[in-house]
Amino acid sequence: MATITEENYLKAILHLSESSRKVTISNLSEALDVSKPTTNSMVKNLQEQGWVEYEKYKPLVLSAKGRKTAALVLRKHRLTEMYLVEKMGFAWEEVHEIAEQIEHIKSPLFFDRMDKLMEFPKVDPHGSPIPDKEGNMEATHYSPLIESAANTEVVVAALVNSSREFLLFLNEKGIQLGSKLKVISRSEFDQSVAVEFNGKKETLSAKVSRSLLVDLIE
């Protein structure tokens, strides 16, 4: 059974690998805000336990065992976030830190009951898929808003970035999951995207537009 620290490392490796980045000691160290020597030592420990495959100067790869362990931690985190929002009335920017603590509870029954009470949600409050009890996640096929063509209508389906600062920014703009946006144009100069929603027009920066995952409204 993994310790809290080991779970955090496995979850971070899974996050980095899913964002299509090669997982290295350097970016894992940065993601966890720990030193490279500490990260290197923990990676060796994870390798010895069969959770990761690692060769010097090559990217880190989760083994099947490591991926399942990481996905089940992610399941607990995302179920908790959804429960806090849906059943307890927390705002979507308030739940991450609480879920970081609760995700390390070892009882699967606790989270299965949580899942049942919510009638088995597929995604968390930020649109990220919730792994099932076997650690499997449904694939999503959303694209960043920045790739949307002019004169198309899209719906916000998920977020790449769910930091508190970004969520508060979206609150201020009145953008949430399910918001329907009409793409007016995209600037060739700075890649900002002009959209219309809720009867108003807004220009979203490239950074924001890359962080909003959308689905095309047919």
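None of 36, 76, 87 is more than 20 Å from the chain's Cα centre (by Cα) and modelled with pLDDT of 95 or more except 87. Please go through segment 109-126 and pick out each residue that is open to solvent by less than 30 Å² (accessible area, probe 1.4 Å) and either under 21 Å from residue 179 (Cβ atoms) or not in a helix (DSSP H, G or I) (or both). Within segment 109-126, 118, 121, 124, 125, 126 meet the criteria. Residues in segment 142-172 that are more than 21 Å from residue 128 (Cα to Cα) and of a type outside the set (S, T, N, Q): 4 in all. Would you mind stating whether residue 132 is in a loop (DSSP other than H, G, I, E, B), out of contact with any strand residue (DSSP E or B) (no Cβ under 6 Å at 6 or more places or on another chain) and farther than 24 Å from residue 27 by Cα? Against the criterion (in a loop (DSSP other than H, G, I, E, B), out of contact with any strand residue (DSSP E or B) (no Cβ under 6 Å at 6 or more places or on another chain) and farther than 24 Å from residue 27 by Cα), residue 132 qualifies. Counting only helices (runs of 4 or more DSSP H) wholly contained in segment 1-63, no element carries 1 or more residues that are open to solvent by 30 Å² or more (accessible area, probe 1.4 Å), basic (Lys, Arg) and under 19 Å from residue 103 (Cα atoms). Just one of the listed residues (68, 106) is more than 17 Å from residue 177 (Cα to Cα), open to solvent by 80 Å² or more (accessible area, probe 1.4 Å), in contact (Cβ under 8 Å) with a residue 40 or more places away in the chain and in contact with an Asp or Glu (Cβ under 9 Å, 6 or more places away or on another chain), namely 68.
The values are calculated or read from the model by the stated rules, or taken from the named source; none is laboratory data. Nothing here was measured: the structure is a model prediction, and the numbers come from that model. For neighbour counting, all protein chains shown are included, and Cβ atoms are generated from backbone atoms with ideal geometry for every residue, glycine included. We work out accessible area using only protein heavy atoms, side chains counted, and drop any ligands, DNA or RNA first. Shrake-Rupley method; radii C 1.70, N 1.55, O 1.52, S 1.80 Å.
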